[in-house]
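Here's the structure we're looking at; comments come further down.
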Amino acid sequence: MNFESYVLENDLGTIEKNYTFKELTTIGCGGRIALLYTPNSISSLQKAFTYILEHELSYFLLGNGSNVLARDEDFKGIVIHLRKIHYSYEIKDEILDCSAFYPTSKLAYDLAKEEWGDLSFLGGIPGLLGGAIYNNSGAYKDEIKNHLIDVTYINSAGNLITINNKDCAFAYRKSIFHYIDGIIISARFKLKKMKTLEVLERRAMARKLAQPLESRNMGSIFKNNPLIPAWKVIDALGMRGFHFHDAAVSAKHANFIINTGSAKSSEILNLIELIQRRAELEFGVQLKYEITII
Ligand SMILES: Cc1cc2nc3c(=O)[nH]c(=O)nc-3n(C[C@H](O)[C@H](O)[C@H](O)COP(=O)(O)OP(=O)(O)OC[C@H]3O[C@@H](n4cnc5c(N)ncnc54)[C@H](O)[C@@H]3O)c2cc1C
């Protein structure tokens, strides 16, 4: 039995065959997806994930697609789409227990409205909480690692496992989930009563001024080198605003690449590689991706 029949016969969710990464990523480019699987529950996802791993099928986990650049070639495997899974949270004894499918920025605002702090650094970070945990997302000198108690994920045997903060091996835009087969399902965070709504609103205005939110983008392309922020390197190369067909270095923020129309992934990649080569040649600086490229 193939994956599609397995999903449909066991009522594990839906399978769609007419999607491309263009519709499912914020940068708006990338090839066709052979099978887009949307689970209808966590237990369905556990079964489907077990099937995929047991049969050694190629797969990719997609949240909101706000940090993903997919190549133009067709993706022949299965994309597990996490964006339509039901999400909620519960707070008990100042501990937040939250679905990994909760939209990250909405979570910051929803908590702030109830005067729960301080996950306000998550305001304005697009994507779902699972993607934020995967990357140890951060802003304003704060990051997931500073607040998370533990994470529950589906492991490679299809079981739900909970690991504590230390075992997540969090580092700058990294976690253990970069190295293992695992789907993050939920996480617990320590909260305290605080008023943060005003801070969130102020920062949202600042983001609008500093980031090209009016254009299709995928956030910062490169990690900041410990000695110099990536945008300063790109500026020093004179590449702010540089175009390659519809792929452009944002004039607003040099570490953002924008799709100004119908850019192909190959054009965006060419631009990324050009910046990397020039940074290495002219300044001896290695710029490493913050985004996921598939
Ligand atoms: C305008 C803009 C601003 C941004 N600002 C910031 C910022 O300030 N700070 C920051 O850190 N990031 C920022 N980002 C990057 C991005 O929002 C984060 O990395 C985000 O958390 C990705 O979540 P996602 O759901 O979109 O994940 P996707 O882009 O869909 O996936 C990203 C990676 O996470 C993996 N993944 C997703 N969900 C799961 C899961 N449940 N279990 C296991 N793996 C999973 C995917 O397989 C993939 O490798 C920004 C992006 C944009 C577009």
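The values are calculated or read from the model by the stated rules, or taken from the named source; none is laboratory data. Since we're looking at a predicted model, the values are computed, not measured. Note: ideal-geometry Cβ built from the backbone for every residue, glycine included; neighbour counts use all protein chains shown.
Brief remarks on what is shown
- Within the set Arg216, Arg203, Arg240, the sole residue that is more than 19 Å from the chain's Cα centre (by Cα) and within 13 Å of the ligand (Cβ to nearest atom) turns out to be Arg203.
- Scoring Ile258 on the criteria (1) within 13 Å of the ligand (Cβ to nearest atom); (2) more than 30 Å from Thr38 (Cβ to Cβ); (3) surrounded by 15 or more Cβ atoms within 10 Å (Cβ to Cβ); (4) not assigned by TED's automatic domain parsing to the domain that holds Leu96 leaves a single failure, condition (2).
- Verdict on Thr104 being free of Cβ contacts under 8 Å to residues at least 40 places away in the same chain, within 30 Å of Glu273 (Cα to Cα) and buried (at least 19 other Cβ atoms within 10 Å of the Cβ): yes
- Residue match in the stretch 181-200 (condition: exposed (fewer than 15 other Cβ atoms within 10 Å of the Cβ), basic (Lys, Arg) and assigned to a helix (DSSP H, G or I)): no
- The listed residue being near the ligand (Cβ under 8 Å from one of its atoms), part of a loop (DSSP other than H, G, I, E, B), under 22 Å from Glu290 (Cα atoms) and free of Cβ contacts under 8 Å to residues at least 60 places away in the same chain, out of Asn136, Asn64: Asn136
- In summary, Ile149 fulfils each of the numbered conditions (1) among the β-branched types (Val, Ile, Thr); (2) under 27 Å from Ser58 (Cβ atoms); (3) part of a strand (DSSP E or B) with the single exception of condition (2).
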